[in-house]
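Notes follow once the structure below has been shown.
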Amino acid sequence: MNDQQRAGDPAVVIVGAGFAGLGMAIQLKRAGVEGFVVLEKADEVGGTWRDNRYPGCACDVQSHLYSYSFEPNPAWSRMFAEQQEIWDYLKHCAEKYRITPHIRFGTELVGAEYDDATGTWRVRTNRGAITTRALVLATGPLHQPAYPGIPGIDRFRGKAFHSAEWDHGYDLAGKRVAVIGTGASAIQFVPRIAPRVDRLHLFQRTPPWILPKPDRSISPLEQRLFRAVPALQRLYRSAIYWTLEARILGFTVHPRLMKLAEAVARQHLRRQVPDPELRRKLTPDYTIGCKRILISNDYYPALTRPNVELVTDGIAEIREHAVVTRDGVERPVDAIIYGTGFHVIDAFDHLDIVGRDGLKLREAWSGGVEAYLGVTVAGFPNLFFLLGPNSGLGHSSMVFMIEAQVRYVLQALRPLLRGDARAVDVRADVQATFNQRLQARLREAVWGIGGCRSWYLDENGVNRALWPGSTAEYWLRTRRLKPAEYRIEA
Ligand SMILES: Cc1cc2nc3c(=O)[nH]c(=O)nc-3n(C[C@H](O)[C@H](O)[C@H](O)COP(=O)(O)OP(=O)(O)OC[C@H]3O[C@@H](n4cnc5c(N)ncnc54)[C@H](O)[C@@H]3O)c2cc1C
């Protein structure tokens, strides 16, 4: 521990106990560091997989890859495990690596101020303040539910909830239900609720491109094999990794390759939706990949049910007991389910983070949210983001990115924890050059030329969410922290 800290203060504060925060905590522990705490505002670990309990919630990256590399799970029951199984996996990891005693549940980060004199962060929570050498923000890129700005949304007198805050106490059976949004969550829960409800009106702004989902259950024999021969499971994981990784060529190097994926998606739609009018409404008019590509085998069939209506007229307003579209049609409903995604670009706006010389994070980001490698921000020493700006993916597992970032952060923490350094601050010029190049690459990739609006973009149409290359490149670039890129102060 560094001498400027008081005994009893944690050397590292991690905020969030999802895949990222737990991954960071586990690696600290494995490196022999015990002086850390994890602040988690909820009462359990799991993040995304604790919160999203809607029917049909599952990962869309194969579970053998969408899991920690150091903790393979031979018992995955499906190629794409459902929410409960992934949540159980994370709980298992927290227990196995003895992270739980480090977690302060029900503790929410409100703000943090950096003290230049001591090289420490004063972390403010709903339960008091903590002083620490280093602060790791693992608060989740898709955590705060976003609601649409539809007039009258607060006037609705029926039942209303967001997919990430599903009310399982409300029985949908026999109800008239409006679902707003057709993103990754909606396409998972619509097929599950459609057979139960009396009527389902699905309000679509933009149709997603949807590919077949290569899902299947994993047989007990395969599970036994994975358990008996761990190398086999590693091989399986690698095969999935490289298959997904190859797709980056279409996203970035040769966007025309996406035409191939588009052909597969069109055929999928043709096969599953015989009605040409419904098919027309479900056919996107933008290049595949510029918004998140979705995978499903049961979404289109659900839309062909007689009790399901796909509404493509924009919503004009919500009334006490109805949704009204711009063409003036009023659809009476008992419940509205918002499948409208999350606050992404503005995910940190509610946090009051103050760095060197009183610089507020909000001010530092007034021209756009950016970091170096998605992890560090100039002027905010000893502060690390996990899945920060431009480290999201459209083609592979976020857990891979998390593990690369955790390893990078550990390197930055080493001199701080040894007491060799007081502050580690990325150089502003390094961050600026990095982001100029990153944005130039993004403009050339499918997200820049595809001509669509997506949650990847900020209000100026700049992509602030995605990493522009392969995950292998990201892994290489974060493998070694280059001290010359940082101001390291003793
Ligand atoms: C429905 C859904 C499906 C997804 N499927 C996939 C997939 O298949 N593949 C993939 O790669 N990615 C997927 N993702 C993205 C997913 O978010 C990431 O893969 C990963 O789970 C992110 O982990 P995290 O720890 O960064 O964030 P989270 O899991 O969101 O965890 C953040 C944690 O921080 C806590 N927290 C937040 N703010 C505070 C605060 N101020 N104080 C204290 N605690 C706080 C939260 O309570 C939460 O527990 C999916 C996302 C969703 C929503």
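The values are calculated or read from the model by the stated rules, or taken from the named source; none is laboratory data. A quick note: this is a predicted structure, and the numbers were derived from the prediction, not measured. Methodologically, a virtual Cβ is constructed for each residue, glycine included, from the backbone with ideal geometry; neighbour enumeration extends over all protein chains shown.
Summed over the range 108-159, the residues that are farther than 30 Å from residue 399 by Cα, out of contact with any Asp or Glu (no Cβ under 9 Å at 6 or more places or on another chain) and away from the ligand (no atom under 16 Å from the Cβ) give a count of 5. Close Cβ contacts (under 7 Å, 6 or more residues apart or on different chains) running from residues in the range 174-187 that are in contact (Cβ under 8 Å) with a residue 60 or more places away in the chain to residues that are among the basic types (Lys, Arg) and assigned to a loop (DSSP other than H, G, I, E, B) comprise 184/292.
Of everything in the range 418-440 that's farther than 30 Å from residue 33 by Cβ and polar (S, T, N, Q), which residue is surrounded by the fewest Cβ atoms within 10 Å (Cβ to Cβ)? Once the filter is applied, the top-ranked residue is 436.
Do we find that residue 477 is of a type in the set (Lys, Arg) and either crowded, with 19+ Cβ neighbours inside 10 Å or more than 28 Å from residue 11 (Cβ to Cβ) (or both) in this structure? No; evaluated as a whole, the condition is false for this residue. Set side by side, the residues 59, 93 differ, and just one is more than 9 Å from the ligand (Cβ to nearest atom), modelled with pLDDT of 95 or more and either buried (at least 18 other Cβ atoms within 10 Å of the Cβ) or among the aromatic types (Phe, Trp, Tyr) (or both), which is 93. If the condition is being surrounded by fewer than 18 Cβ atoms within 10 Å (Cβ to Cβ) and out of contact with any Gly (no Cβ under 9 Å at 6 or more places or on another chain), then the range 34-55 contributes 34, 35, 44, 53, 55.
With respect to the conditions (1) over 30 Å from residue 155 (Cβ atoms); (2) crowded, with 16+ Cβ neighbours inside 10 Å, residue 342 lacks only one, and its number is (1).
Of the strands (runs of 3 or more DSSP E) that lie entirely inside the range 322-381, those containing 1 or more residues that are in contact with a strand residue (DSSP E or B) (Cβ under 8 Å, 6 or more places away or on another chain) and among the basic types (Lys, Arg) span 330-332. Selection over the range 14-56 of residues that are over 23 Å from residue 85 (Cβ atoms), of a type in the set (Asp, Glu) and within 6 Å of the ligand (Cβ to nearest atom) gives a count of 0. For the range 458-490, residues that are under 21 Å from residue 249 (Cα atoms) and basic (Lys, Arg) total 2.
Taking the criterion of being part of a loop (DSSP other than H, G, I, E, B), touching a residue at least 40 places away in the same chain (Cβ under 8 Å) and surrounded by fewer than 23 Cβ atoms within 10 Å (Cβ to Cβ), would at least one residue in the range 12-24 satisfy it? The answer is no, given that none of the residues of the range 12-24 is part of a loop (DSSP other than H, G, I, E, B), touching a residue at least 40 places away in the same chain (Cβ under 8 Å) and surrounded by fewer than 23 Cβ atoms within 10 Å (Cβ to Cβ).
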